[in-house]
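Peer 1: One structure follows; several queries about it will come next.
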Amino acid sequence: LEYFTIIMNYCASLLVFETRKINDDPHLVVLCVTDNTSALNWTLHTSKKSIIGRALARFFCGLLIGSNVGVNAKWISTTENEIADKISRFKTTNLEQSSIPTYNYANLQQEHKELKVCSFFQPSPKLVSLLWEIMLTRKCPDLNLILSLKPQDLGKLCT
């Protein structure tokens with residue numbers, strides 16, 4: 001799932017670079033930071049044992065083939081990965097004697113000033129479907145299908 005997240009973040013980055021003028025560099029590189037060593041290794045090298053990991057890697061390579069945006073990855077310790085933990089883990093509150101998982105994601109940009117420039121990414125049903133299909137069938141879609149994907153096919157940015 002951590003590798004899935006790296007792929008999803010790369011898709012969001014493709015959309016950002018397509019829709020916003022970030023800078024004039026023709027060879028942009030996305031830095032994916034993870035506290036999961038398998039996801040780090042799969043991003044930089046590939047999965048050697050996991051069938052699903054290899055299928056996801058083929059999909060990821062298909063995205064990279066048709067793109068002028070590269071990818072790099074860096075490891076971060078779990079204790080330093082505070083923002084990701086807040087995004088991925090529900091907090092529970094006791095409301096009227098029932099524990100309901102909640103978290104106000106709007107507070108993230110207030111709590112962490114470095115997120116003020118970030119947008120929220122809503123993956124498209126097409127992207128979600130492709131990734132779920134890979135994870136459920138352990139097979140990658142046809143390369144021509146992946147190469148035909150445009151950044152706007154991957155989702156949309158929400159403010």
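Peer 1: Residue separation times 0.36 nm, minus the C-alpha to C-alpha distance between Leu44 and Thr5: what's the value?
Peer 2: On the way: separation 39, 0.36 × 39 = 14.04 nm, distance 1.46 nm.
12.6 nm is the gain from fully extending Leu44 to Thr5.
Peer 1: Let me ask another. FRET efficiency for Ile52 and Ser129, Cβ-Cβ distance as r, R0 = 22 Å, nearest 0.05? Spell out each step's value before the answer.
Peer 2: Values: r = 16 Å, r/R0 = 0.72.
E between Ile52 and Ser129, to the nearest 0.05, is 0.85.
Peer 1: Something else: Among the lysines, which have Cα under 24 Å from the Cα of Lys86 when same-chain residues fewer than 8 positions away are ignored?
Peer 2: Lys74, Lys113, Lys116, Lys156
Peer 1: Quick check on the chain: helices-only [θ] at 222 nm, where DSSP H runs of length 4 and up contribute -39,500 (n - 2.57) each and the sum goes over total residues. Nearest 500, please.
Peer 2: Numbers: 8 runs with 75 residues, N = 159.
Taking each H run of at least 4 residues, the total per residue is -13500 deg cm²/dmol.
Peer 1: Using a Gaussian network model on the chain with a 10 Å cutoff between Cα atoms, which of Asn81, Asn23, Asn72 fluctuates the most?
Peer 2: Checking each option, the largest mean-square fluctuation is seen for Asn23.
Peer 1: What residue among Asp25, Asp142, Asp35 shows peak mean-square fluctuation when the chain is described by a Gaussian network model with Cα springs under 10 Å?
Peer 2: In the Gaussian network model the winner is Asp25.
Peer 1: Can you give the FRET efficiency for Leu108 and Arg138, using 1/(1 + (r/R0)^6), R0 = 35 Å, r = Cβ-Cβ distance, to the nearest 0.05?
Peer 2: Details: r = 34 Å, r/R0 = 0.97.
Computed FRET efficiency for Leu108 and Arg138: 0.55.
Peer 1: Moving to a separate point now. Along the stretch 141-153, what does the Karplus equation 6.51 cos²θ - 1.76 cosθ + 1.60 (θ = phi - 60°) give for ³J(HN,Hα), rounded to whole Hz, x for Gly and Pro?
Peer 2: x, 4, 4, 4, 5, 5, 5, 7, 5, 9, x, 5, 6
Peer 1: If the label point is 7 Å along Cα→Cβ of Asn68, which residues in the stretch 3-22 have backbone nitrogen under 16 Å from it?
Peer 2: Only 14-22 fall inside the zone, counting backbone N under 16 Å.
Peer 1: Label points 7 Å out from Cα along the Cβ direction at Asp35 and Ser77: separation in nm?
Peer 2: Placing both labels 7 Å along Cα→Cβ, they lie 1.1 nm apart.
Peer 1: What does the stretch 1-87 give for Rg and for Dmax, in Å, if only its C-alpha atoms count?
Peer 2: Final numbers for Rg and Dmax: 13.4, 39 Å.
Peer 1: Okay, moving on. Kirkwood Rh, Cα Rg: Rg to Rh for the chain?
Peer 2: Values: Rg = 16.9 Å, Rh = 17.1 Å.
Rounded to two decimals, Rg over Rh is 0.99.
No lab work stands behind these numbers, since they all come straight from the coordinates. Model, not experiment: these values are computed from the prediction. Glycine also receives a Cβ, built like all others from the backbone with ideal geometry; neighbour counts cover every protein chain displayed.
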